[in-house]
Amino acid sequence: MEKATLVIMAAGIGSRFGSGIKQLTPVGPNGEVIMDYSIYDAIKAGFNKVVFVIRKELEKDFRDVIGKRIEKIIETNYVYQELSGIPNLYDGKLEGRSKPWGTGQAILCCKDVVCEPFVVINADDYYGREAYRMMYYYLEGEWKKKDKICIGMVGFVLRNTLSENGTVTRGICKVNENHMLTEIEETYKIKKNGNIAGAEKEGEKIELNLDSVVSMNMWGMPARFIDVLEEGFVEFLKNLREDDKTTEYLLPKIIGELLQEGKVEVEVLKSRDRWFGVTYKEDKERVKREISNLISSGVYPMKLYK
């Protein structure tokens, strides 16, 4: 590929993390944040452009903490996810709403700067080097010759994605023998309980297998998928009740619906790497230990960018 882009969704300030900006929390020995390691791995895999999806109010912080050094080693763009980023026709649905419209809208914000295959990730999740290698290989593969929109998803094992400090939300996946996604369901309030995980579904408590495949929002897509998202966002806004101030336009739900309609196919690339991330403030120390171990084992140099 002449160009492949890494899109980093970093517009949220995590309420569960307290008052700080969790995406900018140092976890490396020289002040590196999780995004530094994601970008380093992506560059090693072949990606040559990065797009930060942020809130305009955070731009100075991003440039100071990570942008200024990243801009020296890879083509870097910033796009802004704002609450008001919707067609004028639906401005009436802004009243009383306090946060943007979710991960689907985050990708829509990239429309003017992403014209090539891209992978999208969360800013505060560490996916591991293997995930980027698999995704780059997928994006340059034969799937581009198919008429149907083909998407790659890196799947992780549920037990490797749980926090010791509270509940999490995960996209629980069903995968067939050909490694194709057949169903994905956003599942809330997941917490390990012995040899199983407990969760909630439509207000009822359920049990989950700890070996279930889950999505951590690492998707690989052709640029034309952004047009599909744009059409779907208009329908989403049309159907949104005026008194609904919290529902979001979320990638797992969007892709799940398109999958059921036969409009996309999704290949699941199962990673053997261990995911970790900062969902809660208390997760930070574990992440620092994990990064330290990876440096000690030679996965990363002590200083990423010389």
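Net charge within 12 Å of residue 259 by Cβ-Cβ distance, Lys/Arg positive one each and Asp/Glu negative one each, not counting residue 259 itself? Don't skip to the end; give the middle numbers.
Details: positive: 148, 174, 253, 263; negative: 183, 185, 257, 261, 265, 267.
Every neighbour counted, the sum reads -2.
For the range 5-296, what does the relative contact order come out to in percent, with C-alpha contacts under 8 Å and a separation of six or more? Each step should come with its number before you reach the end.
Working: 524 pairs, mean separation 73.9, N = 292.
Dividing the mean separation by the residue count of the range 5-296 yields 25 percent.
Name the residue from 219, 279, 34 whose Cα lies farthest towards the positive end of the charge dipole of the chain, charges +1 on Cβ of Lys and Arg and -1 on Cβ of Asp and Glu.
Of the options given, the answer is 34.
In which sequence would 254, 107, 66 go, from the one with the fewest C-beta neighbours within 10 Å to the one with the most? Before the final figure, lay out the partial values.
On the way: 254 21, 107 28, 66 24.
Least to most surrounded, the residues fall as 254, 66, 107.
Taking the alpha carbon gyration tensor of the range 124-252, what are the square roots of 5 times its eigenvalues, largest first, to the nearest whole Å?
Working: eigenvalues 139, 106, 33 Å².
For the range 124-252, the ellipsoid semi-axes come out as 26, 23, 13 Å.
Rounded to the nearest 0.05, what FRET efficiency do residue 288 and residue 99 give with R0 = 22 Å and r taken as the Cβ-Cβ distance? Could you check?
Working: r = 28 Å, r/R0 = 1.29.
So the FRET efficiency works out to roughly 0.20.
In nm, to one decimal, how far is the residue 112 label point from the residue 186 one, both placed 7 Å along Cα→Cβ?
Distance between the two pseudo-spin positions: 2.7 nm.
With charges set only on the Cβ (+1 for Lys and Arg, -1 for Asp and Glu), what does the dipole of the chain come to about its Cα centre, in debye to the nearest 20? Spell out each step's value before the answer.
On the way: 46 positive and 48 negative charges, 213 e Å.
Here the chain has a charge dipole of around 1020 debye.
With springs connecting C-alpha atoms under 10 Å apart, model the chain as a Gaussian network and identify which of 294, 269, 162 has the largest mean-square fluctuation.
294
What does the charge count near residue 269 come to, summing +1 for each Lys or Arg and -1 for each Asp or Glu among other residues with Cβ under 14 Å from its Cβ?
Cβ neighbours under 14 Å give a net charge of -1.
Provide 251, 259, 94 in ascending order of the number of other Cβ atoms located within 10 Å of each residue's Cβ, fewest first. Provide the component values of the computation, followed by the final result.
Working: 251 26, 259 18, 94 11.
Placing the least packed residue first, the sequence is 94, 259, 251.
Please list, by residue number, every one of the trypsin sites (Lys or Arg not before Pro) in the range 38-122 that is coil in DSSP and has at most 11 other beta-carbon atoms within 10 Å. The partial results should precede the final answer.
Numbers: sites: 44, 49, 55, 56, 60, 63, 68, 69, 72, 93, 97, 111; in loops: 55, 72, 97, 111.
Passing sites in the range 38-122 are 72.
With charges set only on the Cβ (+1 for Lys and Arg, -1 for Asp and Glu), what does the dipole of the range 16-168 come to about its Cα centre, in debye to the nearest 20? Mind showing how you got there, number by number?
Details: 22 positive and 21 negative charges, 37 e Å.
The calculated dipole for the range 16-168 is roughly 180 debye.
Reachable lysines from residue 281, Cα under 22 Å, same-chain residues fewer than 8 places away excluded?
22, 99, 189, 191, 192
As I understand it, the dipole of the range 5-296 uses +1 on the Cβ of Lys and Arg and -1 on the Cβ of Asp and Glu, about the Cα centre. Which of 87, 255, 187 lies farthest toward its positive end?
Result: 187, furthest along the dipole toward the positive end.
Relative to the Cα centre, what is the charge dipole magnitude of the range 144-260, using +1 at the beta carbon of each Lys and Arg, -1 at the beta carbon of each Asp and Glu, and rounding to the nearest 20 debye? Write out the running numbers ahead of the final one.
Details: 17 positive and 20 negative charges, 95 e Å.
Charge dipole of the range 144-260: 460 debye, to the nearest 20.
Cα gyration tensor of the range 55-181, axes a ≥ b ≥ c as square roots of the eigenvalues: rounded (a/c below 1.5), prolate (a/b > b/c) or oblate? Each step should come with its number before you reach the end.
Working: a/c = 1.37, a/b = 1.33, b/c = 1.03.
Because its axes are fairly even, with a/c under 1.5, the range 55-181 counts as rounded.
Give me the one-decimal nm value for the distance between modelled label points at residue 234 and residue 88, 7 Å along each residue's Cα-to-Cβ direction.
Between residue 234 and residue 88, the label points sit 1.6 nm apart.
Rounded to the nearest 5, what % of the DSSP beta bridges within the chain are antiparallel ones? Don't skip to the end; give the middle numbers.
Details: 31 of 54 bridges.
Bridges in the chain are about 55 percent antiparallel.
Within 10 Å, count the other beta carbons around each residue, average over each peptide in 193-200, 204-211, 120-127, 240-247, and list them highest first. Please list the in-between numbers first.
Values: 193-200: 14.4, 204-211: 12.5, 120-127: 24.1, 240-247: 11.0.
Per-residue mean Cβ counts within 10 Å order the peptides as 120-127, 193-200, 204-211, 240-247.
Can you show me the helix-derived [θ] at 222 nm for the chain, built from DSSP H runs with n ≥ 4 at -39,500 (n - 2.57) apiece and divided by the number of residues, rounded to the nearest 500.
Values: 7 runs with 72 residues, N = 306.
About -7000 deg cm²/dmol.
None of the figures in this text is laboratory data; all of them are computed from the coordinates on show. Quantities reported herein were computed from a predicted structural model and do not represent experimental measurements. Every residue, glycine as well, gets a Cβ built from its backbone with ideal geometry; the counts of neighbours run over all protein chains shown.
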